[in-house]
Amino acid sequence: MSLIADLDALLAEAQGLLAAAADSATVEALRAKYIGRKGILPEMMGRLAGLTPAEKPEAGKAVNRAKTGVQAALDAAVERLGGGARAGHAVDVTLPGRQRTLGRKHPITLVLDDTVAIFRRMGFLVAEGPEIETVYNNFDALNTPDDHPSRDPQDTFYFPDGRILRTQTSPVQIRVMQTTKPPIRIVCPGRVFRRDTPDATHGMNFHQIEGLYVDRNVTLADLKGTMAEFARELCGADAKIRFRPHFFPFTEPSVECDFSCIICGGKGCRVCKQSGWLEIAGAGMVNPKVFTSCGIDPEEWTGYAFGFGIERIAMIRYAINDLRLLYENDVRFLHQF
Ligand SMILES: [Zn+2]
């Protein structure tokens, strides 16, 4: 068959010329001639298509033989003529080095790290739990009524087996209370999921940190002291807090905790809607029913719990006006923190 003969002849010719090549330029010219994009070898491989099925296997082998043979002869010639620097590709050691961009922490990580550090200094341990949770841990054990709208599949992601993506980090508190004897002092940072339509202030997943303190004789005053200390650590010595009555199923009484606005210092601005206060945390005294569902005697133990959104704090602290910026991973945005 002529193709096979042609290929073998081509290989012999290439080997001869490359063995005789006297400089790198000649080697590179031969490289282009034989295996370059418009070289002889690619052209001959095109002829494979015209062969009968019976002829193809032998011809294919001859193509491979020619290809590896020419490549080996090229490598040998380059080696013989002095190292890897190919003609026209010599290394210019006077060129400046390539700039490497340093990574940095994401604003959410920065706020999470700072928040966790503050609570650790106050004696809280960090507890974490799975993002896929049971309905019991996420709702039932937290005294959420059966008809509470947050249980609806329109608001919560359900798996076919009935488990869910946790909608809050509170199930971590349940897990800890089920397995640990009081006193308990923990914070639970983590990602939570809700079936919201994403917009400037809502996302389908975001981060929370919750705290839980269970001991004898814990009172609302302890909660207030902890929140006030946290506000001062996070926002500066002048930061103030206030409680407003609220309702959560898992705490009784429940409060919303506002921090004095860190932008205007309480005078009133666009961020705090001229009120001087920012809604930061939900909190309260742990509902005795929650203790009972975890096997803790509410006659002996009391406790407080609090929780807030990390994204909200990041947006206030860094003056970010759209939550979605935090998840687009645009380096030009992330580079600013
Ligand atoms: Zn303000």
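The table for this structure:
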quantity	calculated
Any chance ARG216 is of a type in the set (D, E, K, R), surrounded by 15 or more Cβ atoms within 10 Å (Cβ to Cβ) and assigned by TED's automatic domain parsing to the domain that holds ALA314	no
Residue check for PHE243: in the same structural domain as ALA117 (by TED's automatic domain parsing) and assigned to a strand (DSSP E or B)	yes
Top-ranked residue of segment 219-258 - restricted to ones that are within 14 Å of the ligand (Cβ to nearest atom) and surrounded by 20 or more Cβ atoms within 10 Å (Cβ to Cβ), ranked as nearest to ARG120 (Cα to Cα)	CYS235
When residues of segment 145-173 are limited to those that are in a helix (DSSP H, G or I) and touching a residue at least 60 places away in the same chain (Cβ under 8 Å), the one farthest from the chain's Cα centre (by Cα)	GLN173
Any chance TYR318 is in contact (Cβ under 8 Å) with a residue 24 or more places away in the chain, surrounded by fewer than 21 Cβ atoms within 10 Å (Cβ to Cβ) and within 21 Å of GLY190 (Cα to Cα)	yes
Among (1) modelled with pLDDT under 95; (2) assigned to a loop (DSSP other than H, G, I, E, B), the one test that ALA141 misses	(2)
Index of the failed condition, CYS261 passing every other in (1) surrounded by 14 or more Cβ atoms within 10 Å (Cβ to Cβ); (2) within 16 Å of the ligand (Cβ to nearest atom); (3) under 18 Å from PHE119 (Cβ atoms); (4) of a type outside the set (Phe, Trp, Tyr)	(3)
Those residues of segment 268-277 which are out of contact with any Ser or Thr (no Cβ under 7 Å at 6 or more places or on another chain) and near the ligand (Cβ under 7 Å from one of its atoms), in sequence order	CYS269, VAL271, CYS272
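A quick yes/no check of all residues on (1) in contact with a Ser or Thr (Cβ under 6 Å, 6 or more places away or on another chain); (2) surrounded by fewer than 19 Cβ atoms within 10 Å (Cβ to Cβ):
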| site | (1), (2) |
| --- | --- |
| ARG100 | no, yes |
| ARG120 | no, yes |
| GLU131 | no, yes |
| ASN137 | no, no |
| LEU142 | yes, no |
| PRO145 | no, yes |
| THR156 | yes, no |
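The values are calculated or read from the model by the stated rules, or taken from the named source; none is laboratory data. All values reported here derive from a predicted model rather than from experimental measurement. Cβ atoms come from the backbone with ideal geometry, glycine included; neighbour counts cover every protein chain shown.
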